Structure formats: structure tokens, C-alpha cells
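Each remark here refers to the structure printed beneath this line.
The values are calculated or read from the model by the stated rules, or taken from the named source; none is laboratory data. From a predicted model like this one, the values you see are computed outputs, not experimental measurements. Backbone-built Cβ (ideal geometry, glycine too); neighbour counts: all protein chains shown.
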Amino acid sequence: MTSSTPTSVADTDPSDADAGPVGTIALFGNPNTGKTTLFNRLTGLRQKSANYPGTTIEAHIGSTTLGPDGPTRVVDLPGVYSIHLQGVESTLCRQVLEGSAAAPGLLAGEPDAVCVVVDATALREGLRFLGEIARFRLPIVVALTMLDVARRRGIEVDPSALQERLGCPVIGVNPRKGDGLPELRSALTEARVPRTAPGASEADVREWVDELQERSSPSVDLLQPSERVSMKFDRAFTHPVIGLGVFALIMTGLFWLLFRIATYPMDWIEGAFAIAGDVVGGVVPPGLIHDLLVGGVVPGIAGALVFLPQICLLFFLLSLLEDTGYLARAAFVADRLLRRFGLPGTAFIPLLSSHACAIPGIIAARSIPNRRERLATILVAPFMTCSARLPVYALLVSLLFAGRPALAALAFVGCYALGVVAGVLTALLARGTILRGPATHMTLELPSYKAPSVRTALLTAYDKGMVFLRKAGPYILAFSIVVWWCTEFPRTGAPEESQSLRTQAAQIEEAQPDEAAALLVEADRAESKHALANSFAGRMGRALEPVFAPLGFDWRLNIGVVTSFAAREVFVSTIAIVFVGDEEAAEGEGVIEAARTATRSDGETLVFTGGASWALLVFYVLAMQCFSTLVVTAKETGSAKWAVLQFTYMTAVAYLAALAARYAWIALS
Amino acid sequence: MTSLLMNETPTDSTESRPDRVCLACMPRGARARVIEVEADDEQCATLSAMGLCIDEEVVIHQAGEPTIVSLQGGRGRRIGLSLRVARCLHVVALS
């Protein structure tokens, strides 16, 4: 294109543009161009994530040193194909260029410079996107990525020819290896307004793009053999049978690794906090502060941190998988399975992640572009059996199928299946009613296959872990303190039973020290049971008796239901306190034995009858018993109403299903 | 040539072409040129931004569900399309 080309909005002399050090650089680019890898290369760990005000779009802000003038801020914008699409990501990109939106903590205003990342293998689309940004007349540097892949495909791109025509720096970079990074840093201090930009019409854009492409990438060689191999992989990975097999294999491997590896750091965290609790308990003098720290704060922090290994590992593995290019192909396989329930293929990863913990699953739903489909995925994600449910399943299945391991295993599988079925049916219901709308039919770029970047995966894991801690951590801690308070207050005196045991222990202490010690343990347990029974949690348990009586729940089970709202696994430790009087009994067989023989107030009827145990099991499979997940739902949807709906709906479904389970058991037995 | 909105009366220039077929009907290995996109505005814009616009030359690597095409005559971006989307794209076969 010449300077007189009518497609140019404004041709300016490059010398007119401001050059020199800049304060904020905004990174723009199409998806899969290596933009985020480049951002990670530029900023390293000097980055943080936060949502753009009023949106659920995450802003990644980091700093980098470009020259002697100190650090420069770098903002990574979401990858979009066009800034003129209707999606929130495109709108946000547009607003940032207009200066009407700013990343959290920054003042609104146009960025000082823009770095547009263009994939050399998709030069036309990259140039089209560059043209949209060039119209804003901001200083630009073009980072040309994937030059090596382009070469393999027989495409030669000449950055200097492009630079000459555009009038702004064009630098070839390889973010994965770091090649071209020094040149890019240097160029970012000399960003310039392009001397040319396309007009608004489609014909103008095409002409502008054609002219630039002709100048910079005139020659096209024959297709290389490596590309033919990758096409064969495409066919295999998206095949209805082979693709499904590969998909099942990879996902099973991923979750095997996740559960296998994450167990170790989770155990270490729990062990470290058990020691920390002992240390704090030994240092702080007995009293309210002591009890608060040992019973509320330390377990609360542990309760938040214990999820961190699973979340970080999950996102580390997913990032590696995504980087290989496989996930885009897998989305088409998942699409065949989920489409009939109104969910897109991209919902598969959030739903699969929710089997570890619903919180990262809900956060992962950000990858679903259609808002209604994203909401439906978020609403159903907590139906998937998370790892916090497993101790509850283990307890109840042990009670129901004592000495019958095959049936116990089958019941476990049934719990997982029930969660999945409830989830997909709920999605179908939601997409047919409150989230009715046209389904998005998959159109996905299939990025080149490549070796994954461990560095990018580590940074992603770190970033997602921090997002979880910031979003859910304070609430988990706060709710842990509230639960502690409910189980500790109001404080009551020691019951007669324990006083009597202590008196007996004192009488035989010298003659029979072992028996005396055993009596004192019994006295402690009696006091714990008494304290919990008379606490606010105990009172709530009694107050809820009319509500849960149809399910066959005793008031003591109701205490477990109330306290496990902090985290489902708390149910087991609460049952240990209620029936044994010792929280540590939750680790062993003691709680199962105590629960099996525990009787109701009449002294005859068992607490865990078959009907009540089945009802409790079904209730825990389906109920929204997780405060942290509700908080994350509210944050990710941008409204508390979805969290309220999620809680109400899941609790209602769980209640009715538990009722049906109990009466089915009664009828069958 | 322009993209057509769904339910809009097609122009003669595209619909009257005897060699006009939908992308979903093209066999694997075929080369084709996109002549019409029959979808709503947003989908047209998305496809166009991804590179699947009028006059784009594509190579079909996989037919069916999903349909996989390469842009720029087989050397550009590779895109996977559900069958429903592939049916919205009308092409003419190239020799």
C-alpha cells in the first residue's frame, strides 16, 4: 500500500509520534499467539492477578525493566480475535484502548504503548487484528511469534519489511525460548504510532492486510511433512471412537496424578498445622484467645491451605496439556458428550476439575465464552463429587456395608454417578428454563502441537493458587471461626457424669493409676459431648429436628449437617465429638463403631438406621454444603443471586432425593 | 460479496451459483473458497475475525463432526468447526 492508498485512515510521519520510555504497556493479541507466555517472560514472578472492576475478567499486571528509567508496568489483556465482537473480553479490550477502562489499581487512561502479538502462522488474521488497534493511533510495537512454526509450514515472514511499511517496530520473538526478548524490550521504549491504518470497511481492511502480507510474506513453499503428521493427530484426537479413548486415557491419567501426588503436600500441610496448633496451644496461656487460636484460627488457615496443592497441581497439569495443543481437540470430543445436556465441550474441564474441588472448577469455567453456558456450568459444578465428600462417604458406606467391600465400592461409584447425573440433568433443566438461549456451536482454533512450557505451567499454577487464596481463603478462615464459636458457646459447666468420673479417678489415683487415667479420659469426653450438645450448634441441631426428622436424622446428626457447611469433611469430626467425645477418633475405627451403636433418646432406636444412613449419604452427594464454593460462585458470576439459587436448588434436590432414598429403603427392607 | 444474515434473502451472486455447496459437504483434502457465511451477525464477525471470511481459500482436513480446515490455502491457522457451523459456510470447490 502506498501513502496515497485510500484505505488509510491517517498516514502520519513516524517522527511525529512520541518515542521514549513508557509507563504502561498493554499486551494485545489473538488467542494462541503466545501472548501470555511472552507476558510471563517479560514479567516473571513480578505479576499479580485481579478482576477488572465490575467484570469477572482477570487482569494480569506485571512489571518489567526496559531501560535505565526503572520498571515499566505491563498489562496482559485477554486474547481475542477482534476487539469489535460483542463478548465482554472484546469490549474490555476496546475500552482499554479508548482509555475508559483500567486494570485494578490503575487509573483509567490510554496505555502509553501497545504491544500487539501476531502469530506468523496466522499472519492475515494477526494483521487484521493489528489494523483494528492501529486505528486508535497509539504507539505500537509488533511482536511476531511462531516464526519457526511458520517456517515449518513453508511460510516466510520478513519482520523488517513489515516494520518498514508500518513505521513501527516489528520484532520476531520466541517467548518460549526467550529469543528476541532483548530486542523487544529495547523496541518497547521506542514504540511508535503506525504510519498507516486501514479504513473501517471490510474491503479497506482486506486491501490493507493484502498489501502488508504481500510485502512481508510473499513466498510460500510446499507443505512440510511435520504438518501432515499433525493433521493425522487431529483426525485421531477428534475421532468419535479413538478420540474418546485417548480422551478417557489422558483424563484418567491426569486425575490419577492429581490425587496421587497432591496427597503428599496435603498431608504435610495438615501435619504442619497440627504441630502449629500444639505449639500455639503450648505458648498461649489458657483462655479465650488460646481456644480461639487453637480451635478456630489455626484450623481455619489449614482449611484454606490444604486445598492449595490440588488446585495448583490441577492447573499445572491442565496448563501443560493446553500448551501441547491437545485440549482444543479434546473440546470437540467432550462437545459430543455434553451438547445433548445444553453444555459446550469447553465445560468438560471445569466439571472434571470439580471432582477435585468445585472452586477451581468454577474458576476454570471462565474459559467458556457464552455467558449462559458458563452460568449453567458454574451452577452444576458443585454436584460433582469433590474430595471433601470422600471422608463422609467412607463413614456412611462403612456403616451401610460393613464387611461387604464389593458393595461398599459399588456404593462409592454410585455416589460419583449420582452427582454426575444430577449435574447434567440440572444443566438440561437450566438451559431449558432460566438460562434458555441458543447453544454455541463450537468454532475453535486448533493450535500447533508443541512441547509444553513448564515455566508457563508453574506460573499458571502459582497464579491460580493465589487467586484461590485471595478469593476463598478469608471466607474459609472467617467461617471456621464462626463454626468454632457456635460449637464452643455458650459455655456450660461440667456435667454430673464427668464430675463423678473425676471424683472416682481421684479416689483410685494412687492405687490404680492406669484406671484413674482412663476415667479422666472418659470425663474429658463426657465434657466435650455435653459442651457440644449445649452449644449454639447443638441448639441449632435441636431446632432443625422438625426439618430433618422426615429424613430420619437425629438432632446430633443435624449438628454435623450445620457444622459441615464450613467444609463437608467437618461432618466426620463433628460426629466423632458428638458420639465419642474425642475429635481425634475421626481418624480411626472408633467413630464408625460409636456411630454404629449410638442410640436415640429412647435408648433403643439406632441413630444411624439404614434409612437415615442412606438419606444422609444421598444428602451429602447432592447438597450444597460448602460455604467457600458459594462465595466463589457469587464472585465468578458477579452476583450473589446465583449463589443463593445454587444453594436453594441443590439443598432442595438433596432433601427430596434423601427423602426418596429413605422411604425406598424402608419399602425395600 | 457480503456475508448474509440468517433468514435474509440471499443475493443472486452467491445462491445462483451452480457450484455453490456448503462446507460440510466437501470431502477431505478438497480445496475451496468461501463465498458466503449464513449466520447471525456475531457468528459472522467471529468467523471473520478468526480468518474464515469471504474469499478465504481453505483446505478441508477432516469432514464431518468436527470439520477441520486450514486457512490460506492450507498453510494458515487450523480451525475446527462443529457440523452446524460448517453447514453455515458456503464455498465453491477449487481445482
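The residue that is farthest from the chain's Cα centre (by Cα), counting only those in the range B:72-92 that are more than 7 Å from chain A (Cβ to nearest Cβ) and over 26 Å from A:L343 (Cβ atoms), is B:G73.
On inspection, A:A347 qualifies as farther than 18 Å from A:L313 by Cβ, assigned to a helix (DSSP H, G or I) and either in contact with an Asp or Glu (Cβ under 7 Å, 6 or more places away or on another chain) or not polar (S, T, N, Q) (or both). Applying the condition of being of a type outside the set (D, E) and at pLDDT 85 or above to the range A:513-522 and asking which residue is surrounded by the most Cβ atoms within 10 Å (Cβ to Cβ) yields A:L519.
Inclusion of A:L338 among residues that are hydrophobic (A, V, I, L, M, F, W, C), more than 30 Å from A:I275 (Cβ to Cβ) and not assigned by TED's automatic domain parsing to the domain that holds A:E89 is warranted. Taking the range A:164-283 as the region of interest, the helices (runs of 4 or more DSSP H) fully inside it that hold 1 or more residues being more than 25 Å from A:Y449 (Cβ to Cβ) and in contact with a helix residue (DSSP H, G or I) (Cβ under 7 Å, 6 or more places away or on another chain) are A:202-216, A:242-283. A:P286 passes every criterion in (1) assigned to a helix (DSSP H, G or I); (2) surrounded by fewer than 16 Cβ atoms within 10 Å (Cβ to Cβ) apart from (1).
Of note, A:Y462 satisfies the criterion of being closer than 22 Å to A:P78 by Cα, surrounded by fewer than 23 Cβ atoms within 10 Å (Cβ to Cβ), more than 14 Å from chain B (Cβ to nearest Cβ) and of a type in the set (F, W, Y).
For the range B:72-95, a residue qualifies if it is assigned to a loop (DSSP other than H, G, I, E, B) and modelled with pLDDT under 85, and the qualifying residues are B:R75, B:G76, B:R77, B:S95. Exactly one residue among A:F247, A:F237 is of a type in the set (F, W, Y), within 14 Å of another protein chain (Cβ to nearest Cβ), in contact with a Lys or Arg (Cβ under 6 Å, 6 or more places away or on another chain) and surrounded by 18 or more Cβ atoms within 10 Å (Cβ to Cβ), and that residue is A:F237. With the structure loaded, tell me whether A:D514 is assigned to a helix (DSSP H, G or I), farther than 23 Å from A:V483 by Cβ and not small (G, A, S) or whether it fails that test. Criteria met by A:D514. Within the option set A:V561, A:V547, A:V621, being surrounded by fewer than 18 Cβ atoms within 10 Å (Cβ to Cβ), in contact with a helix residue (DSSP H, G or I) (Cβ under 9 Å, 6 or more places away or on another chain) and in a helix (DSSP H, G or I) holds for one residue only, A:V547. Within the range A:137-148, the set of residues being of a type in the set (A, V, I, L, M, F, W, C) and buried (at least 24 other Cβ atoms within 10 Å of the Cβ) comprises A:I140, A:V141, A:V142, A:A143, A:L144, A:M146. Looking only at residues of the range A:119-136 that are away from chain B (no Cβ under 12 Å) and buried (at least 24 other Cβ atoms within 10 Å of the Cβ), we find that the one that is nearest to A:V170 (Cα to Cα) is A:L130. In this structure, is A:F548 among the hydrophobic types (A, V, I, L, M, F, W, C) and within 18 Å of A:S601 (Cα to Cα)? It is true that A:F548 is among the hydrophobic types (A, V, I, L, M, F, W, C) and within 18 Å of A:S601 (Cα to Cα).
The single residue among B:T67, B:T46 that is closer than 21 Å to A:D335 by Cβ, at the interface with chain A (Cβ under 9 Å from one of its Cβ atoms) and over 10 Å from the mean Cα position of the chain (by Cα) turns out to be B:T46. If you check A:L351, A:L375 for being crowded, with 21+ Cβ neighbours inside 10 Å, touching a residue at least 24 places away in the same chain (Cβ under 8 Å) and more than 24 Å from A:G243 (Cβ to Cβ), only one passes: A:L375.
Scanning the range A:327-336 for residues that are in contact (Cβ under 8 Å) with a residue 60 or more places away in the chain and of a type outside the set (G, A, S) turns up A:R329, A:F332, A:V333, A:D335, A:R336. Within the range A:412-430, is even one residue within 29 Å of A:M650 (Cα to Cα) and within 14 Å of chain B (Cβ to nearest Cβ)? Scanning the range A:412-430, I find no residue that is within 29 Å of A:M650 (Cα to Cα) and within 14 Å of chain B (Cβ to nearest Cβ), so the answer is no. When every residue of the range A:76-92 is checked against the conditions, at least one turns out to be part of a strand (DSSP E or B) and modelled with pLDDT of 85 or more.
Examine the range A:447-457 for a residue that is within 14 Å of chain B (Cβ to nearest Cβ), buried (at least 19 other Cβ atoms within 10 Å of the Cβ), within 30 Å of B:R84 (Cβ to Cβ) and under 25 Å from the mean Cα position of the chain (by Cα), and state whether such a residue exists. There is at least one residue in the range A:447-457 that is within 14 Å of chain B (Cβ to nearest Cβ), buried (at least 19 other Cβ atoms within 10 Å of the Cβ), within 30 Å of B:R84 (Cβ to Cβ) and under 25 Å from the mean Cα position of the chain (by Cα). Annotation note: Cβ proximity below 6 Å between a residue of the range A:429-442 that is of a type outside the set (F, W, Y) and a residue that is assigned to a loop (DSSP other than H, G, I, E, B) (sequence gap 6+ or interchain) occurs for A:R431/A:G342; A:T440/A:P344; A:T440/A:N370; A:H441/B:S82; A:M442/B:S82.
The listed residues are A:G603, A:G538, and the only one of them that is out of contact with any helix residue (DSSP H, G or I) (no Cβ under 9 Å at 6 or more places or on another chain) and farther than 16 Å from A:L399 by Cβ turns out to be A:G603.
Residues in the range A:200-215 that are in contact with a Pro (Cβ under 6 Å, 6 or more places away or on another chain) and within 12 Å of chain B (Cβ to nearest Cβ): A:V205 alone.
Might you let me know whether the range A:400-409 holds any residue that is modelled with pLDDT of 90 or more and in contact with a Gly (Cβ under 9 Å, 6 or more places away or on another chain)? Yes, the conditions are met somewhere in the range A:400-409.
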